[in-house]
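Here the structure is laid out as structure tokens; the discussion comes afterwards.
Values in this text are rule-based calculations from the coordinates and carry no lab data. Small disclaimer: the values here were computed from a predicted structure and weren't measured. Cβ: placed from backbone, ideal geometry, glycine included. Neighbour counts: every protein chain shown.
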Amino acid sequence: MILVPASEYAYLLPEIIVALLGVLLIVADLIWPAYDEATGRSKTWPAYLAIVGLIAAAVAVVPLASVSKTLFNGIIQIDPLAAFFKLLFLGIGVLVILMSVNAVPKFTRWTAEFYALMVWTILGSMLLASAAELFTIFLSLQLTSLPLIVLVGYAKRDPRSGEAALKYLLLVLVSTSVLLYGMSLIYGALGTSTLSEIGAALAREKTINPIVAMGLVLLLTGFAFKITAAPFHYWVPDAYEGAPTPVTAFMSVGSKFAGFALALRVIVAAEAVPLNWHLIFGVIAAISMTLGNLGAIRQKNIKRMLAYSGIAQAGYLLVGVAAFSSWGIASLLFYTLAYGAANLAAFAVVIIVANAIKSEQIADYAGLSKRNPLLALALTIGLLSLAGFPLMAGFMAKFYVFLSAAQAGLIWLVAIGVINSVISAYYYLRVAFVMYVSEGPAEPMKIDPQAALALCVAIAGVLFLGIIPQAAMVAAARAAASLFGG
């Protein structure tokens with residue numbers, strides 16, 4: 001029997017806080033029901049309790065940002081990279097819950113359970129960021145995915161939600177099966193499941209072991225499903241459109257970034273395998289960018305457009321992976337901040353508008369600049385950042401990932417990325433055109449204060465990262481260096 005020092009659990013304090021927060025939400029709802037049977041209205045305390053708990057967990061993460069330590073005999077890695085992703089997941093959770101305080105009661109009375117499931121999904125993502133062993137990765141991935149399946153189908157009265165949940169369930173089953181089979185091949189061939197030992201064993205191999213190669217291919221295929229990379233992206237538009245909009249907002253960034261947090265450690269462990277990783281990830285990035293942008297052009301539903309946009313953004317993120325260097329990973333990490341802020345700003349507006357007019361069609365955004373200038377401006381800033389316009393976070397993010405690819409000699413990939421950025425400007429600016437030029441209803445559209453706060457934070461992030469990117473890039477570079485042992 002292997003004894004684990006009790007002191008090691010202190011390094012998992014953020015995860016313990018988040019786990020207990022989910023339990024507390026359920027228990028508190030049993031004592032003080034969030035749904036008032038007499039009035040038929042839902043109370044908002046579960047949302048505020050979830051926000052306070054996530055902020056407390058974020059405070060607990062901060063001291064760990066300067067720690068490099070393995071726990072539980074090598075299955076958990078505490079380092080700046082893990083801290084970076086954990087803070088990112090917690091920040092995304094706070095913003096999504098804040099912008100959906102008044103949106104969630106519109107499609108369910110079980111609000112406490114809704115936030116508990118979202119909290120546990122965040123817990124799984126945090127564990128993925130620290131997982132350094134194959135079976136720990138698998139369990140963390142299930143904790144991330146299973147609550148999300150329920151959340152996607154949470155709007156039970158909307159048939160699209162049930163359809164989206166079924167499709168997402170099938171995706172999880174397929175990707176999990178592929179991932180688990182790949183893990184079993186690697187474990188069977190190398191006799192170890194710890195990533196550090198796998199990396200050392202691969203470094204000793206003088207030739208490519210076909211069983212290990214097949215295991216890595218299956219592993220990367222499972223990751224591609226999670227990060228919505230082509231050609232494993234076909235589930236994304238239907239799932240995003242059918243899921244409740246707050247869930248879609250979380251999936252678009254939180255779930256995607258969890259996939260990258262998982263993939264980075266495995267990719268570094270597999271670096272010793274003599275394959276052209278630059279070309280492999282470069283091709284996947286190019287296909288994802290192109291198919292995502294071309295698919296977004298013809299969309300009339302804004303959630304479907306943002307879904308295809310997310311596929312393209314996964315391609316831009318993969319450019320940093322294709323560079324396969326500390327600078328490339330640092331640029332990828334910066335990109336997660338920029339994309340997360342811009343996409344959440346866009347989805348905050350989508351949530352507000354959907355609550356007001358019960359529509360997700362782009363055509364129904366006509367005249368939004370007159371109905372609520374702040375909403376129109378915020379959505380425009382978010383979309384311009386996603387397109388990569390100067391003075392926006394997205395411009396600096398694309399500059400960094402393209403620069404890392406150029407330094408790796410991937411000029412062809414940079415050219416494809418620039419062309420795709422120009423293509424994406426069309427469908428992003430089309431939404432702005434509808435808001436500012438097309439005629440629409442004249443009655444004002446109100447913003448609830450919680451959503452307005454989330455929107456202001458997201459927009460501030462977009463502008464701050466675009467104008468003063470140095471501090472965030474330094475943090476990203478430090479996190480990336482820890483991945484490579486620096």
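Charge dipole of the chain (Cα centre as origin; +1 on each Lys and Arg Cβ, -1 on each Asp and Glu Cβ, all else neutral): 660 debye, rounded to the nearest 20.
Taking label points 7 Å from Cα along the Cα-to-Cβ direction, residue 276 and residue 419 give a separation of 1.9 nm. Tell me, how many Å apart are the Cα centres for the stretch 256-284 and for the stretch 71-133? Result: 23 Å between the Cα centres. Per-residue packing, averaged as other Cβ atoms within 10 Å, sorts the ranges 414-425, 440-451 into the order 414-425, 440-451, beginning with the highest. Look at the alpha carbon pairs under 8 Å that are at least 6 residues apart: their mean separation over the length of the stretch 277-486 gives a relative contact order of 30 percent.
One quarter of the surface of the convex hull around the alpha-carbon atoms of the stretch 340-424 equals 6.2 nm², the direction-averaged projected area. Taking 21 Å as the limit for the C-alpha separation, the pairs 86/303; 303/358; 167/256; 256/446; 69/256; 106/303 exceed it in the case of 86/303; 256/446; 69/256.
The fewest-to-most ranking of 139, 179, 127, 291 by surrounding Cβ atoms within 10 Å reads 139, 291, 179, 127.
Counting other Cβ atoms within 10 Å as a rough exposure proxy, the listed residues 411, 76 run 411, 76 from fewest neighbours to most. Along the charge dipole of the chain, pointing to its positive end and built from +1/-1 on Cβ of Lys, Arg, Asp and Glu, which listed residue (350, 283, 450) has its Cα farthest out? The residue sitting farthest along the positive end of the dipole is 350. Across the options 123, 99, 31, the greatest Cα extent toward the positive end of the charge dipole of the stretch 15-146 (unit charges at beta carbon of Lys, Arg, Asp, Glu) belongs to 99. Ellipsoid fit via the Cα gyration tensor, the stretch 277-486: semi-axes of 32, 19, 12 Å, each the root of five times an eigenvalue, largest first. P(r) tail for the stretch 325-364, what percent of Cα pairs lie past 14 Å? The calculated P(r) of the stretch 325-364 puts 59 percent of pairs beyond 14 Å.
For the chain, the relative contact order is 15 percent, taking Cα pairs closer than 8 Å that sit 6 or more residues apart in sequence and dividing their mean separation by the residue count.
Multiplying the residue separation of residue 72 and residue 426 by 0.36 nm and removing their Cα-Cα distance gives an extension gain of 122.4 nm.
Compactness of the stretch 89-209, taken as the C-alpha radius of gyration over 2.2 N^0.38 Å, stands at 1.36. The rule of thumb for compact globular proteins, 2.2 N^0.38 Å, goes into the C-alpha radius of gyration of the stretch 195-234 1.43 times.
Structural size metrics of the stretch 1-116, computed from C-alpha coordinates, are Rg and Dmax of 17.1, 56 Å. Taking the three principal axes of the alpha carbon atoms in the chain, the coordinate ranges are 70, 56, 40 Å, sorted in descending order.
Here the spin labels are modelled as points 7 Å beyond Cα on the Cα-Cβ line, and at residue 433 and residue 163 they lie 2.9 nm apart.
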